[in-house]
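The values are calculated or read from the model by the stated rules, or taken from the named source; none is laboratory data. Not measured: the values here are computed from a predicted model. With ideal geometry, Cβ positions are generated from the backbone for all residues, glycine too; neighbour counts draw on all protein chains shown. All accessible areas refer to the heavy atoms of the entire protein, side chains included, with ligands and DNA or RNA removed. Shrake-Rupley method; radii C 1.70, N 1.55, O 1.52, S 1.80 Å.
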Amino acid sequence: MQNLLIQGPSQIAGSVYISGSKNSALPILSATILCTSPVVIQKVPHLKDVTTMLSLLSNMGMTFSIDHELNVFVENSTLSKLEAPYDLVKQMRASVLVLGPTLARYGYAKVSLPGGCAIGTRPVDQHLKILCELGAEVKVEDGYIVATTKKLIGAEVKFDRETVTGTENILMAACLAQGKTVIHNAACEPEVKDLADFLNSMGAKIQGAGTSTIEIVGVSELGGGAYSVIPDRIEAGTLLIAAVMTQGQIKLIDCIPEHLTSCLEVLKQAGAQIETSDHTVSLKMDRRPKSVSIVTDVYPGIPTDLQAQFIAMNAIAEGASYVEETIFENRFMHVSELARMGAQITLNRNVVHIQGVDSLIGARVMATDLRASAALILAGISAQGVTSIDRIYHIDRGYANIQEKLIKLGASIERKTSKPPHYV
Ligand code: EPZ
């Protein structure tokens, strides 16, 4: 079992390149199922979820190669197997993203239900509802989604609630549907827009992505080409918060500031000085952060994927604050771990109340999900003493080389392999 040992406190200082977005790369890699000519995807982040997606696509018959910069060269996306098995889908819920493109291109797809995870039940009812409205026959049997169609037919459809991967699945399926599809109440996240930009560069006809109404005119097939994934706004926000918590300074290179507007607003309220250019964000923090209460929301609101990190910041900020989670029903597993480090924090349903303390104290804690593990790393870097974080496979799923990046920025982190404790 691997864990991270963090010696705090350290001050974050320096510049860092932001990696490609995990939540863009995953749908875009799935979308290559629709392409009939070779495709090159650049700026794919080096992380576990990407290798899991590539394993799934390879298992379905796709052939590709990867160079040392992790550019993915899809030589032939013709699938020989139209199934996503449970043992791969259980590793990564985003595997459900192969459902839409596989069904659209082949008229059949069998995908394991993703099941819940630490942050919630995470159903996919909306994905299935809309696929049926596009003419698919969808059954759920033995834990698998089985979808069939002679041909998807474009329609005017509406999600009952915003869903990022739901929007992405339907966007991909509608590309090959007969006629026009209009999606209402679509998710507006930048990763949805990035997927649409990729699909349009392969010959799709999509308008309105990034807004809540998206129009797709179906085409007979998609071609191929090269595409570069957008930078990861959640990695960017996480590193900015690290600099704020340690009263340091940081320059993010290769990021997109307008994807971070809500995050930058919170950090300015916390007392950070921030300058932006087209592809950089520079932040300087020369005081203890002020507490900032936040409510998570869909884009362009404060992202749920930064909620845990903002709680870690408020835990050592001046004053009291609250953080309300409106997207997932159980995304507070990090709260009890932060309390082990001395955070004064209470949870009441989907609201956390925090009284900032001068400093957290290093302790042994456990990562429970991807973003919670990031929050614990930030807490460990700012805390007095040594923090040991167990189950860090969560962090490896979603942050490319985060340990190396933070060490380069001044943190003291080492990765240890330990035997699981033996209790008699
Ligand atoms: C995407 O998950 C992201 N993952 C998540 O990032 C992110 O937290 C989430 O969007 C919200 O922004 C990827 O893009 C791979 P949703 P997704 O469908 O699409 C409910 C990370 O840390 N819902 O937008 O699965 C659902 O239960 C991950 O990188 C339904 O009820 O999230 C949740 O409460 C974590 N029925 C809410 O909607 C459905 O059919 C939003 O879920 C679909 C969703």
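With r as the distance between the Cβ atoms of SER212 and GLU275 and R0 = 30 Å, compute the FRET efficiency 1/(1 + (r/R0)^6) and round to 0.05.
After rounding to 0.05, the efficiency reads 0.45.
Evaluated at 4 °C with a viscosity of 1.567 mPa s, what Stokes-Einstein diffusion coefficient in µm²/s does segment 335-424 have when Rh comes from the Kirkwood expression over alpha-carbon pairs?
92
Output needed: percent of Cα pairs per 5 Å distance bin for segment 75-141, bins running from 0 to the one holding the longest distance.
The percentages, shortest bin first, are 3, 15, 28, 25, 17, 8, 3, 0.
What would the Debye formula give as log10 I(q)/I(0) at q = 0.19, 0.24, 0.29 Å⁻¹ for the alpha-carbon point model of segment 135-192, no solvent?
-0.76, -1.06, -1.20
Could you grab the relative contact order for the chain? Cα pairs under 8 Å, six or more apart, rounded to a whole percent. Walk me through the numbers on the way to the answer.
Values: 1041 pairs, mean separation 90.8, N = 424.
Computed value for the chain: 21 percent relative contact order.
Along the charge dipole of segment 1-109, Cβ charges K/R +1 and D/E -1, which of PRO27, LEU54, HIS68 sits furthest on the positive end?
It is PRO27.
With the crude spin-label approximation of a point 7 Å out along Cα→Cβ, what separation in nm comes out for LYS251 versus VAL386?
3.6
Would you work out the Kirkwood radius for segment 300-357? I mean one over the mean of 1/r across all pairs of different Cα atoms, in Å.
Working: mean 1/r = 0.0882 Å⁻¹.
Roughly 11.3 Å, rounded to one decimal.
Rank VAL352, ILE311, GLY362 by how far each Cα sits towards the positive end of the charge dipole of segment 287-375 (+1 on Lys, Arg Cβ; -1 on Asp, Glu Cβ) and give me just the farthest.
Of VAL352, ILE311, GLY362, it is GLY362.
Top mean-square fluctuation among THR368, THR387, THR63, Gaussian network model of the chain, C-alpha springs under 10 Å?
Top of the fluctuation ranking is THR63.
Given points 7 Å out from each Cα along the Cα-Cβ axis, report the LYS158 to ASN330 separation in nanometres with one decimal.
3.2
Amide H of TYR144 versus every other amide H placed in the peptide plane: which residues, excluding those fewer than 5 positions away on the same chain, fall under 5 Å?
Hits under the 5 Å cutoff: LEU113.
Taking all protein chains together and a probe of 1.4 Å, list THR165, THR51 from the most accessible to the least accessible.
THR51, THR165
Based on DSSP H runs of at least 4 residues, each adding -39500 (n - 2.57), what is the mean residue ellipticity at 222 nm of the chain after dividing by all its residues, to the nearest 500 deg cm²/dmol?
Dividing the helical sum by the residues of the chain leaves -9000 deg cm²/dmol.
Calculate I(q)/I(0) for segment 283-395 by the Debye formula, one identical point scatterer on each C-alpha and no solvent, and give its log10 at q = 0.11, 0.13 Å⁻¹ to two decimals.
At q = 0.11, 0.13 Å⁻¹ the computed log10 ratios are -0.31, -0.43.
Roughly to the nearest percent, how much of the accessible area of segment 290-377 is carbon and sulfur, given a 1.4 Å probe?
After summing per-atom areas, the C and S share lands at 51 percent.
Restricting attention to segment 195-265, which GluC sites (Glu not before Pro) occupy a DSSP loop and are surrounded by at most 14 other Cβ atoms within 10 Å? All intermediate terms of the calculation are to be shown ahead of the outcome.
Details: sites: GLU215, GLU221, GLU235, GLU258, GLU265; in loops: GLU221.
Hits after loop and neighbour filter: GLU221.
State the extension gain, in nm to one decimal, for the chain segment bounded by ASP286 and TYR108, taking 0.36 nm per residue of separation less the distance between their alpha-carbons. Walk me through the numbers before you get to the answer.
Numbers: separation 178, 0.36 × 178 = 64.08 nm, distance 5.74 nm.
That works out to 58.3 nm of additional length.
For the chain, give the share of DSSP beta bridges that are antiparallel, in percent and rounded to the nearest 5; count only bridges with both residues there.
Values: 57 of 82 bridges.
Roughly 70 percent of the DSSP beta bridges within the chain come out antiparallel.
Roll a 1.4 Å probe over the protein chains and send me the accessible area per residue for the chain in Å².
On a per-residue basis, the chain sits at 39 Å².
For the chain, taking Cα atoms only, what is the radius of gyration to one decimal and the Dmax to the nearest whole Å?
My reading of the Cα-based Rg and Dmax gives 21.6, 66 Å.
Rolling a 1.4 angstrom probe over the protein chains, ignoring ligands and nucleic acids, what is the accessible area of ASP254 in square angstrom, nearest 10?
50
Can you work out D for segment 94-184 in µm² s⁻¹ from Stokes-Einstein, where Rh is the Kirkwood radius over C-alpha pairs, the temperature is 20 °C and the viscosity is 1.002 mPa s?
165
Take the chain, connect every pair of alpha-carbon atoms lying under 10 Å apart with a spring to form a Gaussian network, then pick out the residue of THR246, THR148, THR167 with the largest mean-square fluctuation.
With Cα springs under 10 Å in the chain, the top fluctuation among THR246, THR148, THR167 is at THR148.
Could you give me the ³J(HN,Hα) list for segment 89-96, computed from phi with Karplus coefficients 6.51, -1.76, 1.60 and θ = phi - 60°, whole Hz, x at Gly and Pro?
Karplus values, whole Hz, x for Gly and Pro: 5, 5, 6, 7, 4, 5, 4, 4.
Where does segment 194-333 land on the Kirkwood hydrodynamic radius, alpha-carbon pairs, in angstrom?
16.8
Please report, to one decimal in angstroms, the Kirkwood hydrodynamic radius of segment 267-314 built from all distinct Cα-Cα pairs.
With all distinct Cα pairs of segment 267-314 included, I get 12.0 Å.
Hey, can you grab everything whose amide H is under 5 Å from the amide H of GLN178? Only 5+ residues off in sequence or another chain; H modelled, so Pro and N-termini drop out.
Distant-sequence amide H within range of GLN178: LEU152, ILE153, GLY154.
Along each principal axis of its Cα atoms, how long is segment 1-107 end to end? Whole angstroms, biggest number first, please.
In descending order, the Cα extents are 56, 28, 20 Å.
If I stretch the segment between VAL219 and LYS81 completely, what's the gain in nm (0.36 nm per residue apart, minus their alpha carbon distance), one decimal?
47.3 nm
Return one number: the angle in degrees, 0 to 90 and rounded to the nearest 10, between the long axis of the Cα atoms of helix 164-175 and the longest principal axis of the Cα atoms of the chain.
Around 20 degrees separate the two axes.
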